[in-house]
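Shown next, in structure tokens, is the structure this report addresses.
The values are calculated or read from the model by the stated rules, or taken from the named source; none is laboratory data. Because the structure is predicted, anything quoted here is derived from the model rather than measured. Counting neighbours? That spans all protein chains shown, and the Cβs are built from the backbone with ideal geometry, glycine included. Ligands, DNA and RNA are excluded from the accessible area calculation, which covers all protein heavy atoms including side chains. Shrake-Rupley method; radii C 1.70, N 1.55, O 1.52, S 1.80 Å.
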Amino acid sequence: FLGLYKVVADKTPYVSIEEIARKFSIGPTRFGHPCFYSAKDIKLANFTIKHGEQITFNSVEEVNGTMAVNCVVVRNNQSHSFTLPLSQDGEFYECEDDQIYTIKEIAEWKIPKCRNRIVKLSNTLHMWDSSSPLPENFDGCLILMPVYEVQAVMKFRKDIVHILSDLDVEVKDITDCYDIGSFLQPLSLEDVFERTSKEFPVVAEIMEGPSGSQKPYNLLSTGKEIVIYKKYQAARVLASEMRSDSSKKHFLIPMSYKGKFKRRPREFPTAYDLEIARSEKEQLHVVATKAFVSPHKELFSVSVGDQFLVQQCQTREVLYEGRKKLIDVLACEQILSDSYKKVFLPMYMEGGFVEVIHDKKQYHLSEICKEFHLPFNVKVSVRDLSIEEDVLAAAPGLQFEEEITDSYLLISSASSPVESWEIPVYRLNMLVHLLSKDVQTVVPPVTRTTVEEVSKEEYYMLRRYENLTLHPPPRPPKKPT
């Protein structure tokens with residue numbers, strides 16, 4: 001079920017650290033770090049946790065013979081690590097969570113055992129259609145009550161059996177009577193990726209294949225045998241169509257993409273964005289699309305149509321409410337009919353600028369990532385002829401948003417290994433079991449380029465946890481304080 005949801009904090013308190021550890025999934029992933037606050041101060045040997053202060057639970061382990069939770073409190077931008085024993089009593093409440101999750105993530109990580117979970121639909125990406133179980137324009141809360149099932153494999157059978165957990169059956173443990181090796185072991189792509197590199201290449205049979213008509217997904221049908229050559233991290237550029245409507249598509253483009261791109265003008269809402277975008281390689285030339293009246297006579301007032309060459313950020317002294325004050329400004333050269341004029345724009349100004357492009361060169365993807373700051377606007381000028389249908393060539397324009405690193409497996413067909421494909425580990429639902437066959441050739445065949453179209457949910461998840469150092473710092477206030 002698609003959609004993104006916010007988790008509503010549970011108002012019922014937890015009475016001990018042991019109860020939290022028992023009911024919540026605390027683990028190494030970013031989902032497994034629940035946050036709570038204590039209704040009262042907690043005094044430790046050399047640290048006091050203040051009431052109401054957010055405590056992040058990171059892992060559970062044994063410390064000096066006692067089971068405890070490793071915790072972190074951030075105070076004055078400094079992290080303080082400590083442990084709380086499971087025996088610690090108190091009154092603990094769940095903190096508000098501003099993240100957005102898929103139903104799958106909530107079911108696996110965010111529903112405490114023996115409790116329900118209230119979630120609120122995020123309107124950020126919700127697109128209603130006739131297949132949605134929710135009523136049109138729904139923006140209320142849902143109570144999630146998980147229904148569990150057991151997935152099992154039967155001896156000598158390759159399909160997976162789904163058994164409801166409320167089925168009234170008698171179960172008898174006969175483990176000691178049977179050879180566990182006679183049962184197939186279903187593995188997800190994540191399970192395969194966790195194996196050591198020296199265990200590859202391996203031959204695997206697909207037990208449950210993914211859905212999708214695009215290659216290579218349409219080749220991965222149930223019962224087919226594949227060779228998995230290796231696992232690795234690979235770079236991709238996350239790109240979106242330059243369209244204002246909600247139907248714009250999102251893509252992950254590999255560095256092996258052989259097409260070429262021409263630049264398209266970028267738009268900048270503030271002078272601060274101009275400072276972020278400028279580079280040493282070329283001077284940024286922009287046209288103002290919005291007027292701005294400066295509150296300081298020392299700084300420039302902008303009219304629609306004014307053209308500027310962006311230079312650098314400086315500090316200037318201005319008169320503000322009768323007192324002199326230093327503020328950040330952007331030094332530019334205004335282009336006049338026959339000369340240039342040095343002007344200063346306040347960094348906080350909310351205006352509007354469009355880039356003027358003089359560069360007619362065609363670029364490969366790797367050249368753009370190396371020479372320019374992202375985000376960056378382009379259009380495909382030469383399509384990649386190695387791809388049967390280059391979906392990027394049909395786009396009116398693309399914005400390269402950021403470069404990401406993701407996990408992939410390199411695979412090919414076992415019966416006719418004429419080409420190999422990179423498949424994403426965390427975005428492809430697929431089950432395989434490993435075969436004891438020898439791999440005929442250790443060297444993979446030529447790798448085909450795949451431009452991966454991602455859904456809005458997948459796009460959001462890719463951007464949601466990217467390294468924050470890749471993003472610009474927050475914009476300055478609109479007016480000096």
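Quick one: in region 176-206, of everything that is open to solvent by 90 Å² or more (accessible area, probe 1.4 Å) and part of a helix (DSSP H, G or I), which residue is nearest to Ser412 (Cα to Cα)? Here the residue is Lys198. Determine, yes or no, whether Met461 is surrounded by 17 or more Cβ atoms within 10 Å (Cβ to Cβ) and at pLDDT below 80. So Met461 passes the test. Within region 404-421, the set of residues being open to solvent by 20 Å² or more (accessible area, probe 1.4 Å) and more than 17 Å from Thr449 (Cβ to Cβ) comprises Thr405, Ser413, Ala414, Ser415, Ser416, Pro417.
The residue of region 264-278 that is most open to solvent (accessible area, probe 1.4 Å), among those that are under 26 Å from Tyr363 (Cβ atoms) and touching an Asp or Glu at 6+ places or on another chain (Cβ under 6 Å), is Pro265. Is it the case that region 148-158 has a residue that's assigned to a loop (DSSP other than H, G, I, E, B), open to solvent by 100 Å² or more (accessible area, probe 1.4 Å), under 30 Å from Gly3 (Cβ atoms) and not small (Gly, Ala, Ser)? Yes; the residues of region 148-158 include at least one that is assigned to a loop (DSSP other than H, G, I, E, B), open to solvent by 100 Å² or more (accessible area, probe 1.4 Å), under 30 Å from Gly3 (Cβ atoms) and not small (Gly, Ala, Ser).
Those strands (runs of 3 or more DSSP E) of region 16-113 in which at least 1 residues are surrounded by fewer than 16 Cβ atoms within 10 Å (Cβ to Cβ) and aliphatic (A, V, I, L, M), considering only elements entirely within it, cover 55-63, 66-75. Determine which single condition Ser337 fails, assuming it passes every other condition in (1) open to solvent by 30 Å² or more (accessible area, probe 1.4 Å); (2) modelled with pLDDT under 90; (3) in contact with a Leu (Cβ under 7 Å, 6 or more places away or on another chain). Every listed condition holds for Ser337 apart from (3). Selection over region 1-52 of residues that are out of contact with any Phe, Trp or Tyr (no Cβ under 7 Å at 6 or more places or on another chain) and of a type in the set (Ser, Thr, Tyr) gives a count of 4.
Within region 345-379, being of a type outside the set (A, V, I, L, M), open to solvent by less than 30 Å² (accessible area, probe 1.4 Å) and part of a strand (DSSP E or B) holds for Pro346, Gly351, Gly352, Phe353, Glu355, Tyr363, Phe376, Asn377.
Any chance you could count how many residues in region 304-334 are modelled with pLDDT of 90 or more and in a loop (DSSP other than H, G, I, E, B)? Total meeting the criteria: 3. When region 133-164 is filtered for residues that are of a type in the set (Gly, Ala, Ser) and modelled with pLDDT of 80 or more, only Ala152 remains. Mind checking whether some residue in region 231-251 is open to solvent by less than 70 Å² (accessible area, probe 1.4 Å), at negative phi, more than 24 Å from the chain's Cα centre (by Cα) and hydrophobic (A, V, I, L, M, F, W, C)? So far as region 231-251 goes, no, none of its residues is open to solvent by less than 70 Å² (accessible area, probe 1.4 Å), at negative phi, more than 24 Å from the chain's Cα centre (by Cα) and hydrophobic (A, V, I, L, M, F, W, C). Based on this model, can you work out whether Lys281 counts as open to solvent by 30 Å² or more (accessible area, probe 1.4 Å), of a type in the set (Lys, Arg) and within 39 Å of the chain's Cα centre (by Cα)? Answer is yes for this residue.
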